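Contents: one structure, followed by commentary.
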Amino acid sequence: MKKWQFAMICIGCAAWFIGSADLPFRAQREYRLAFTLPGDDLSQEVVVDNVFGKIDVRGGAGHDVRVTVHESMRATTADALARAKKEVTLRPEHSAKRIRLMVDGPFRTPDGRINWRRSLGYIVRYDLQIFVPRRVCLRLKTVNEGDIKVKDIDGDFRVSNVNGKIDLSGIRGSGNAVTVNGEVSIQFDRNPRSACRFTTVNGDILLVFGPTLAADFRLKTFNGDMLSGFPFELQPIPAGTRDRRKGRFVYRRDGVQAIRIGPGGPLIQASTLNGDITISQNKTN
Amino acid sequence: MKRMQTKCLAMAVVAAWLLSPVLAAKAPEALETVTVPLSKASQPAWVEAHVMFGSITVEAYAGREVVVETFLRGKSLQSKIEKKIEEAELDELKKEKKPTRDISGLRKIPIANTGLTIEEKDNRVSIRVDSWKQTVDLKIKVPVNTSLDLKCQSNGDIKVTGVTGEMDVNNLNGPIHLTGVTGTVLAHTLNGEIVATLTRVNPDKPMSFSTLNGDIDVTLPSSIRNNVRVESRGDIYSDFDIKLQKEPVKKVDNGRHKGGTFRVHITQGVFGTINGGGPEISFKNFNGDIYIRRK
């Protein structure tokens, strides 16, 4: 298991532990934010850095970015609830080409990472429903209690979750989608033109492409099947790594299967531990 | 006489024709070949290999490196690619895994990967493969002076040829064949025969050959000096001059002084000595015969 996977599992476990505690004091509210991204090129970016809660992004026409924020707080005591209201905020940052929504609180390190070293006695959850111009790139992140759902986006994407699904549809760009406990489902409206990576630990990976797909795949599942709706050819297995450090020689082949669909093209990597990988054809295209 | 010759010739032609596909069949191609350099090439090596589904073949050679080859057993990968998922399998997949997902028309992507991992430190080489989903055969070439620790679970046999060293060989559902080996052998399987030919043995160490269901056929140098212990429900054959012990071996455990019990255990089996005796060689099976041959 790679370091980042281990770190994410630790964060998820800590958050789950906090979440599972009895939190009888509650408060919630809903509000809206609005921004404008005036440009029309794919260098515009929407960034969401959430901790608890789901992210639902939908692309459409126009230049407006409209965010519906559903904030719900749970705390162990009335005092903890008051602290939660004071300490945790959804901080929007807006520049000409970038909108960033970041959930900030005492669990953040100065460099913006999440560190759950102590129990705060409360959980603040933000469920975000975001309408964006479809010609944007996305960077979305959440950790707990929420899936990430994206629909109709032309730009590239970097999506990360820990305990939840990732479901992207109507996608015309390329990018990465990573979770730990949850399914990864990507449906491309236009086949990716550059490299993509899709990773989960516990869950299936479902990739749906248009019929003219041309790509090279590196697939890996420990406990599951790999299925393809496209004719494919097996590629030579990537060479194992050889290493000699401190007198120890190690040769390791990491169980990746390489296939080519069509004449080949961008490298698409998909990896899960417990789950199937399915590459299927978009029948509506 | 001429008629007889014609008959023989005809039989030879038919036999050659029948065997031709076998003889013409190409040896399977290794999926991967890894050469492992030893840290101390002039000293003996120690190789450990574990396979869940598959076989292990170890051969000694004149080189100073360990060469590991892996083979995937079963239908060719190309035939697996060309085959669409059969109806029965599709139904099973739909039922068990994806009741809501349309998987008709999909092909299974075969896993042409053994997940081979090899580690070496101070001449100790450890070899592992992901053989729990598919049958993987391992072929290992080792320097002559190499000790072995080999384990197989199912779907394969263990074969060792020409190695000198200490051998701990365990199979579960398959035979063990050791040919022209030298040193010390501990060989155990559950369902399968053990056939071993030892060129020389280590005079100071005991050895053991045991199986539950299968014959044990061991050929030993005529000059060995060992005690032998043979336990079997089948027949025991030997051309060694084994001096049999007349009294059964009693083992007494007196635990009375600790408030326990006094226990006498009379060991089953045949005990004897070869050439005056020495370290014990144990032969034990349940269903099968035991052959102890002199070379």
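Within the range A:187-214, restricting attention to residues that are buried (at least 20 other Cβ atoms within 10 Å of the Cβ) and among the aliphatic types (A, V, I, L, M), the residue that is nearest to the other protein chains (Cβ to nearest Cβ) is A:LEU206.
Could you say which residue among A:GLY155, A:GLY170 is part of a loop (DSSP other than H, G, I, E, B) and not basic (Lys, Arg)? Step through it out loud before you land on a result.
Numbers: A:GLY170 fails: part of a loop (DSSP other than H, G, I, E, B).
Answer to the check: A:GLY155.
The set of residues in the range A:259-285 that are more than 9 Å from chain B (Cβ to nearest Cβ), at pLDDT 90 or above and farther than 17 Å from A:SER174 by Cβ comprises A:ARG260, A:PRO263, A:THR272, A:LEU273, A:ASN274, A:GLY275.
Figure legend. Inter-residue proximity from the range B:47-69: first residues on the phi > 0 side of the Ramachandran plot, second residues in a strand (DSSP E or B), beta-carbon distance below 6 Å, spacing 6+ or different chains. Indicated pairs: B:GLY54/B:VAL136; B:GLY54/B:ASP137.
The set of residues in the range A:215-258 being surrounded by 16 or more Cβ atoms within 10 Å (Cβ to Cβ), facing chain B (nearest Cβ under 8 Å), of a type outside the set (Gly, Ala, Ser) and part of a strand (DSSP E or B) consists of A:LEU219, A:MET226, A:LEU227, A:LEU234, A:PHE249, A:VAL250, A:TYR251, A:GLN257.
One residue stands out among those in the range B:148-186 that are touching a Lys or Arg at 6+ places or on another chain (Cβ under 9 Å), of a type in the set (S, T, N, Q) and over 12 Å from B:ILE56 (Cβ atoms): the one that is surrounded by the fewest Cβ atoms within 10 Å (Cβ to Cβ), which is B:THR179.
Would you confirm whether or not the range B:79-89 contains a residue that is touching a strand residue (DSSP E or B) at 6+ places or on another chain (Cβ under 7 Å), at pLDDT 70 or above and not in a loop (DSSP other than H, G, I, E, B)? So far as the range B:79-89 goes, no, none of its residues is touching a strand residue (DSSP E or B) at 6+ places or on another chain (Cβ under 7 Å), at pLDDT 70 or above and not in a loop (DSSP other than H, G, I, E, B). Taken together, A:HIS94, A:HIS63 contain a single residue that is surrounded by 13 or more Cβ atoms within 10 Å (Cβ to Cβ), touching a Pro at 6+ places or on another chain (Cβ under 6 Å) and more than 30 Å from A:PRO24 (Cα to Cα), which is A:HIS63. Exactly one residue among A:ARG58, A:ARG74 is out of contact with any Ser or Thr (no Cβ under 9 Å at 6 or more places or on another chain), surrounded by 14 or more Cβ atoms within 10 Å (Cβ to Cβ) and either farther than 27 Å from A:ARG113 by Cβ or aromatic (Phe, Trp, Tyr) (or both), and that residue is A:ARG58.
To keep it simple, each residue is scored yes or no on (1) basic (Lys, Arg); (2) in a loop (DSSP other than H, G, I, E, B); (3) at pLDDT below 55; (4) touching a strand residue (DSSP E or B) at 6+ places or on another chain (Cβ under 9 Å).
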site: B:VAL14; (1), (2), (3), (4): no, no, yes, no
site: B:GLU29; (1), (2), (3), (4): no, yes, no, yes
site: B:LYS40; (1), (2), (3), (4): yes, yes, no, no
site: B:ALA49; (1), (2), (3), (4): no, no, no, yes
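Among residues of the range B:170-187 being over 16 Å from B:THR219 (Cβ atoms) and outside any loop (DSSP other than H, G, I, E, B), the one that is nearest to the chain's Cα centre (by Cα) is B:ASN170.
The values are calculated or read from the model by the stated rules, or taken from the named source; none is laboratory data. The shown structure was predicted, so the numbers you read here are calculated from the model rather than taken from an experiment. We place every Cβ from the backbone using ideal geometry, glycine too, and count neighbours over all the protein chains shown.
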